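Asks: Sharing a structure here in structure tokens format.
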Amino acid sequence: MFRINCDLCPNNCKGQIGICGNRLENIGKFSAIAIDPIEKKPFYHLYPKSKTLSFGGIGCNLKCPWCQNWNISKEFTNVGTTVLSPQDILLLAKKYEMKTVSFTYNEPTIYYEFIVEAAELLLENKIETLIVSSGYISSKYLEPFYKNVKGANIDLKCFDSSNYKNIIGGKLETILNTLEYLNSSSTWLEITTLIIPEFNDSNTEIKKMCKWIYSTLGSEVPIHFSAFHPSYKYLNKINTPVKKIEEVIKIAKDEGLQYVYSGNI
């Protein structure tokens, strides 16, 4: 039996397997492969109306109780997987004549070594890599992880440090650090926030978040506000009302953000 000391994210796990249920033994195992509209990721300002070849693995380093993909990110022990190499990813992308490959559905960060290798190989073959992530990664790994990544959509789950720690199992400051890094890098950045009733939908919190985005990242970073639908351990919650999404969009625009979109409605 081997033991790991993993500092890839601030969980800093020690032992045979980490909180993500993954890392070394599951890297390269994929639970989902699909060709998606790029807007589904969502990317609205990067190759609009194009298709992207999407790959989902298993596991996640956070513990969101509303996870929309919980069967592959949280309780994946019986999920069927296909073992692929970076070379296999390249061959599939070429087969389907894809301009981009997306690592999505679960948390790509925990496939760190695989994605670093794949992104470099794809770029050598003029195919670009996209990442859809929670952004929960230690600072020292940001540059090597994203240096060959064309675009990232980061899930900013709320703007409350206590809720990030106690409900989500992460640190808000880590996600904000990731956003700041990406905004200053060559990687295209978009942000998504799932609006969950009675969790992160207060106008005060939304306004605080939008003020931070405006003052720290600027007015031009696209942000997507998506409607919540009951899932996983949040089955007793209501759907996000459309009026609430419209209200949140107005707040964001009033705070100076230029590119604000709705999703899941």
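Derivation of every value follows stated rules applied to the coordinates shown; laboratory data play no part. The structure presented is a predicted model; accordingly, all values stated were derived computationally and were not measured. Counting neighbours? That spans all protein chains shown, and the Cβs are built from the backbone with ideal geometry, glycine included.
Asks: If you rank SER231, SER139 by fewest surrounding Cβ atoms within 10 Å, what's the result?
Replies: In increasing order of surrounding Cβ atoms, one gets SER139, SER231.
Asks: Please build a GNM for the chain, connecting alpha carbons under 10 Å apart, and tell me which residue among ASN26, ASN78, ASN163 fluctuates the most.
Replies: Sorting by GNM fluctuation, first place goes to ASN78.
Asks: Taking only Cα atoms and a 10 Å spring cutoff, compute GNM fluctuations for the chain and point out the largest among TYR96, TYR234, TYR136.
Replies: Answer for the Gaussian network model of the chain: TYR96.
Asks: Work out the length of the dipole vector of the chain about its Cα centre, built from +1 on the beta-carbon of each Lys and Arg and -1 on the beta-carbon of each Asp and Glu, and round it to the nearest 20 debye.
Replies: Dipole magnitude for the chain comes out near 340 debye.
Asks: Would you list ASP155, ASP7 from fewest to most Cβ contacts within 10 Å?
Replies: ASP7, ASP155
Asks: For CYS67, list long-range residues whose amide hydrogen, built 1.01 Å from N in the peptide plane, is under 5 Å from its own amide hydrogen.
Replies: Excluding prolines and chain starts, which carry no amide H, the hits are LYS233.
Asks: Using a 7 Å offset from the Cα along the Cα-to-Cβ direction at both LYS233 and LYS49, what is the distance between the two label points in nm, to one decimal?
Replies: For LYS233 paired with LYS49, the spin-label model returns 4.4 nm.
Asks: DSSP loop trypsin sites (Lys or Arg not before Pro) in the range 1-84 with at most 12 other Cβ atoms within 10 Å of their Cβ, which ones?
Replies: Here the sparse-neighbourhood loop sites are ARG3, LYS49.
Asks: Right, something else. Which residues' amide hydrogens lie under 5 Å from the amide hydrogen of LEU189, considering only partners 5 or more residues apart or on another chain, with H built in the peptide plane?
Replies: For LEU189, whose amide H was placed from the backbone, the distant partners under 5 Å are ALA152.
Asks: Ranked by Cβ crowding within 10 angstrom, fewest neighbours first, how are LEU182, LEU176, LEU156 ordered?
Replies: Lowest count first: LEU176, LEU156, LEU182.
Asks: Within 11 Å, Cβ to Cβ, of TRP70, how many net charges do the neighbouring residues add up to if Lys/Arg are +1 and Asp/Glu are -1?
Replies: Residues near TRP70 contribute +2 overall.
Asks: Can you say what percent of the DSSP beta bridges in the chain, counting only those with both residues inside, are antiparallel? Round to 5.
Replies: Around 30 percent antiparallel, to the nearest 5.
Asks: With the Cα gyration tensor of the range 48-87 giving a ≥ b ≥ c as the square roots of its eigenvalues, does the rule (a/c under 1.5 for rounded; else a/b larger than b/c for prolate; else oblate) give rounded, prolate or oblate?
Replies: In terms of gyration-tensor shape, oblate.
Asks: Under 5 Å between amide H atoms, partner at least 5 residues away or on a different chain: which partners does THR100 have, H built in plane at 1.01 Å?
Replies: It is LEU53, GLU128, by chain and number.
Asks: Follow-up question, since we're still on this one. Take the Cα gyration tensor of the range 4-263, multiply each eigenvalue by 5, square-root it, and list the three semi-axes largest first, rounded to whole angstrom.
Replies: For the range 4-263, the ellipsoid semi-axes come out as 28, 21, 18 Å.
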